[in-house]
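Peer 1: Here it is, the structure, as structure tokens.
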Amino acid sequence: MSNYHIKNFPEYFHEYRKSVRNPELFWEEIAEEHFLWRKKWDNVLNWDFTKPEVKWFEGAQLNITENCIDRHLYTNGNKNAIIFEPNNPEEPTEYITYNQLSERVNQFANVLKSKGIKKGDRVCIYLPMIPELAISLLACARIGAIHSVVFAGFSAQALATRIQDSDCKMVITSDGSYRGAKTIDLKGIVDDALESCPTIESCLVAKRINSNISMKEGRDFWLQPLLDEASKDCEPEIMDSEDPLFILYTSGSTGKPKGMVHTTGGYMVYTAFTFKNVFQYREGDVYWCTADIGWITGHSYIVYGPLANGATTLMFEGVPSYPDFGRFWEVVEKHKVNQFYTAPTAIRALAKEGVEHLEKYDLSSIKVLGTVGEPINEEAWHWYDDNVGKKKAPIVDTWWQTETGGIMITPIPFSTPTKPTYATLPFLGIQPALMDENGKEIKGNQVDGRLCIKFPWPSMARTIWGNHQRYKETYFSAFENKYFTGDGALRDEVGYYRITGRVDDVIIVSGHNLGTAPIEDAINEHPAVAESAIVGFPHDIKGNALYGYVTLKDTGESRDQDNLRKEINQMITEQIGPIAKLDKIQFTSGLPKTRSGKIMRRILRKIASRDTSNLGDTSTLLNPEVVQDIMDNVL
Ligand code: PRX
């Protein structure tokens, strides 16, 4: 492909056809023309979904930071790489040029080395959205260490589980973080977590809120003095294309979180190529994705994708509501943001506050709007289109996952006609399939089914850290020879896709993936609880909220139910984090179960959603009498 940018709809179709007829040739041309390799590959692609094994650009050598930083220095060293907009609008913006980014990444990389971090070691990063976060990812990549970023809203216990799972040697954190008007004691959380993490040898601490924290002698080090002493030169470690770049944990339906492993070459090619096309980034543009780098969206579309293109990427520390609901738009106006990428939950929250918050600001710089993380409802889509894009900026509804590494189904702005609530068409090289319950592919249009992908793409996760068997079972066993996404989708009369939501026990709350099992485990640890079941129910702003059905051990005793609810939510906050708190907790006399003892969540979901006109077949239940009782007491 000689054109890096797709320019119109016929060109999309033309390129798409090429990309699926001969995927190897297609990706080889892109990889060859647009990236810096120390050694070319022997093989473009090797794959076998039955094992499953996928290798892209095998035998090639590179360092992703040479692609994200060094190669831009010759032409664009003084261009802004990162614009950092702090939580407090009174604090000055920080502009980091490519030259400065290079120096800061190298210094950080040298600090990592001085603390004994080597190629292949795992480094846990638990930081707020400050420049050190982006820089620490790149510093790990510079020396071939595998970063594992844990979103800084997770609890000590959740952090510890993730550190233990991948045997991290180091954790990078800060004294604390700002979140709107509040501060959060991050170092305290890390201290609690590290009590059960014997593999951690050192902890680097960035100063952000100047709080009084305790530093453990020999383990904890302030970052800045180490950086000040470190050299600004650091030779990149030469990596194989299939060497792991990072681990990122995501929730599953059952069990502990899954450490998705992404490798170097394919991930770089795919995130960079999608970034350029999906956002139609042009030289000089300022691009802003509001996600946190703790999630995959931040990895791929705040850090790696934009920087590989030599783009200017904005990092925002704050929240949309602080100091008021105009903050996003104030930032857009201030930096003349050209591409703006956010989540439906943020759009709904802002829409609720009214357009007066927008009207004060000049949003005319916006060329492309993006959304990601959950299905966008029609009302939110139109609000975004009318008020933010003024009907002039195409909306790219991008469907993808932690596991896919990059955007999979999306319109191409100015090429694909958009349709509210539809992610529209597969990106180049992506071959979706809809499957029926019997495992057969559903052909034709105006159909719905389970969404699978039939052919590998460069940025797909290669395994689950330490558990390849689980990777196989979760993604490659439901449908033969296909990657199963866990989502349902429909295809309309012209072939556009609309994602309808998860078909497993993962619930997406405010764009965050939450598995029901770990939340239920947390609740069941309460001494008064016999058992529990969590389901999602529709929520105006969060998309879904969590509804808990809880059966107590001793129903005879009269308890203060409100107090119990508080205690249950407190346990969830401690074990997972505040994002997993329940909106409603109903105490039940029992939970509807099949004869084999499985909780019938389908019924519970319908009751929580107040959709009880057709509960389906309840005759197979072991205890049908509880259903009426639950319905009578629904909250
Ligand atoms: O259900 C889909 C939903 O988010 C899930 C993936 O979540 P996560 O791994 O956290 O990654 C989120 C950011 C890429 C998917 O299985 N999802 C993501 N984007 C969309 C979406 N659902 C509908 N429309 C989208 N655009």
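The values are calculated or read from the model by the stated rules, or taken from the named source; none is laboratory data. Values in this document were obtained by computation on a predicted structure and should not be read as measured data. Heads up, the Cβs are rebuilt from the backbone with ideal geometry, glycines too, and the neighbour counts pull from every protein chain shown.
Peer 1: Identify, please: which residue in segment 523-570 is in contact (Cβ under 8 Å) with a residue 40 or more places away in the chain, acidic (D, E) and closer than 26 Å to K598 by Cα and is, among those, surrounded by the fewest Cβ atoms within 10 Å (Cβ to Cβ)?
Peer 2: Among residues in segment 523-570 that are in contact (Cβ under 8 Å) with a residue 40 or more places away in the chain, acidic (D, E) and closer than 26 Å to K598 by Cα, the one surrounded by the fewest Cβ atoms within 10 Å (Cβ to Cβ) is E525.
Peer 1: In segment 443-474, which residues are polar (S, T, N, Q) and either under 22 Å from the mean Cα position of the chain (by Cα) or within 15 Å of the ligand (Cβ to nearest atom) (or both)?
Peer 2: Residues satisfying the conditions are S459, T463, N467, T474.
Peer 1: Considering (1) within 25 Å of L307 (Cα to Cα); (2) surrounded by fewer than 20 Cβ atoms within 10 Å (Cβ to Cβ); (3) not aromatic (F, W, Y), say which one L62 fails and leave the rest.
Peer 2: (2)
Peer 1: Just to check your reading of the model, which residue among G59, G144, G116 is out of contact with any strand residue (DSSP E or B) (no Cβ under 7 Å at 6 or more places or on another chain) and at pLDDT 95 or above? Give the derivation first.
Peer 2: Values: G59 fails: out of contact with any strand residue (DSSP E or B) (no Cβ under 7 Å at 6 or more places or on another chain); G144 fails: out of contact with any strand residue (DSSP E or B) (no Cβ under 7 Å at 6 or more places or on another chain).
After ruling out the rest, the residue left standing is G116.
Peer 1: Of all strands (runs of 3 or more DSSP E) completely enclosed by segment 208-312, which ones contain at least 3 residues that are touching a residue at least 60 places away in the same chain (Cβ under 8 Å)?
Peer 2: Hits in segment 208-312: 244-250, 258-263.
Peer 1: Anything in segment 420-469 that is among the β-branched types (V, I, T) and within 30 Å of R162 (Cβ to Cβ)? List them, or say none.
Peer 2: Listed by number, the residues that qualify are I430, I453, T463, I464.
Peer 1: Pick out the one residue from T424, T416 that is more than 24 Å from the chain's Cα centre (by Cα), surrounded by fewer than 24 Cβ atoms within 10 Å (Cβ to Cβ) and within 21 Å of K18 (Cα to Cα).
Peer 2: On the way: T424 fails: more than 24 Å from the chain's Cα centre (by Cα).
T416 is the lone residue from the list that is more than 24 Å from the chain's Cα centre (by Cα), surrounded by fewer than 24 Cβ atoms within 10 Å (Cβ to Cβ) and within 21 Å of K18 (Cα to Cα).
Peer 1: Please enumerate the residues belonging to segment 604-635 that are of a type in the set (V, I, T), out of contact with any Ser or Thr (no Cβ under 8 Å at 6 or more places or on another chain) and at pLDDT 90 or above. Give the derivation first.
Peer 2: We begin by selecting, within segment 604-635, every residue of a type in the set (V, I, T); these are 607, 612, 618, 620, 626-627, 630, 634.
If we keep only those that are out of contact with any Ser or Thr (no Cβ under 8 Å at 6 or more places or on another chain) too, we end up with 607, 612, 618, 634.
I607, V634 - these are the residues of segment 604-635 that are of a type in the set (V, I, T), out of contact with any Ser or Thr (no Cβ under 8 Å at 6 or more places or on another chain) and at pLDDT 90 or above.
Peer 1: I'd like to know if segment 208-219 contains one or more residues that are closer than 23 Å to P86 by Cα and touching a Leu at 6+ places or on another chain (Cβ under 6 Å).
Peer 2: no
Peer 1: Here is a further query. Go through (1) under 19 Å from the mean Cα position of the chain (by Cα); (2) within 16 Å of the ligand (Cβ to nearest atom) for E317 and report which single condition fails.
Peer 2: The single condition E317 does not satisfy is (2).
Peer 1: Let me ask something else. The conditions are (1) among the hydroxyl-bearing types (S, T, Y); (2) under 20 Å from G543 (Cβ atoms); (3) more than 9 Å from the ligand (Cβ to nearest atom), and S477 fails exactly one of them. Which is it?
Peer 2: So S477 meets the others, but not (2).
Peer 1: Is there a residue in segment 253-276 that is touching a helix residue (DSSP H, G or I) at 6+ places or on another chain (Cβ under 7 Å), more than 24 Å from T65 (Cβ to Cβ) and of a type in the set (G, A, S)?
Peer 2: Yes, segment 253-276 contains at least one residue that is touching a helix residue (DSSP H, G or I) at 6+ places or on another chain (Cβ under 7 Å), more than 24 Å from T65 (Cβ to Cβ) and of a type in the set (G, A, S).
Peer 1: Quick one: which residue in K367, K360, K392 is over 22 Å from A545 (Cα atoms) and in contact with a helix residue (DSSP H, G or I) (Cβ under 8 Å, 6 or more places away or on another chain)? Give the derivation first.
Peer 2: On the way: K367 fails: in contact with a helix residue (DSSP H, G or I) (Cβ under 8 Å, 6 or more places away or on another chain); K392 fails: in contact with a helix residue (DSSP H, G or I) (Cβ under 8 Å, 6 or more places away or on another chain).
Every option except K360 fails the conditions.
Peer 1: Then there is this: Taking the options G252, G305, name whichever one is surrounded by 24 or more Cβ atoms within 10 Å (Cβ to Cβ), in the same structural domain as D70 (by TED's automatic domain parsing) and within 16 Å of the ligand (Cβ to nearest atom).
Peer 2: G305
Peer 1: List pairs: first residue in segment 338-356 and surrounded by fewer than 21 Cβ atoms within 10 Å (Cβ to Cβ), second residue not hydrophobic (A, V, I, L, M, F, W, C) anywhere in the structure, Cβ distance under 6 angstrom, at least six positions apart or on different chains.
Peer 2: V355/N387
Peer 1: Do we have any residue at all in segment 234-247 that's within 16 Å of the ligand (Cβ to nearest atom) and either more than 19 Å from the chain's Cα centre (by Cα) or crowded, with 17+ Cβ neighbours inside 10 Å (or both)? Can you show your working first?
Peer 2: Taking segment 234-247 and keeping what is within 16 Å of the ligand (Cβ to nearest atom), we get 246-247.
After this cut, where a residue has to be either more than 19 Å from the chain's Cα centre (by Cα) or crowded, with 17+ Cβ neighbours inside 10 Å (or both) as well, the list is 246-247.
Taking every residue of segment 234-247 in turn, at least one turns out to be within 16 Å of the ligand (Cβ to nearest atom) and either more than 19 Å from the chain's Cα centre (by Cα) or crowded, with 17+ Cβ neighbours inside 10 Å (or both).
Peer 1: Next up: Of the numbered conditions (1) out of contact with any strand residue (DSSP E or B) (no Cβ under 9 Å at 6 or more places or on another chain); (2) small (G, A, S); (3) on the phi < 0 side of the Ramachandran plot, A423 fails exactly one; give the number of that condition.
Peer 2: (1)
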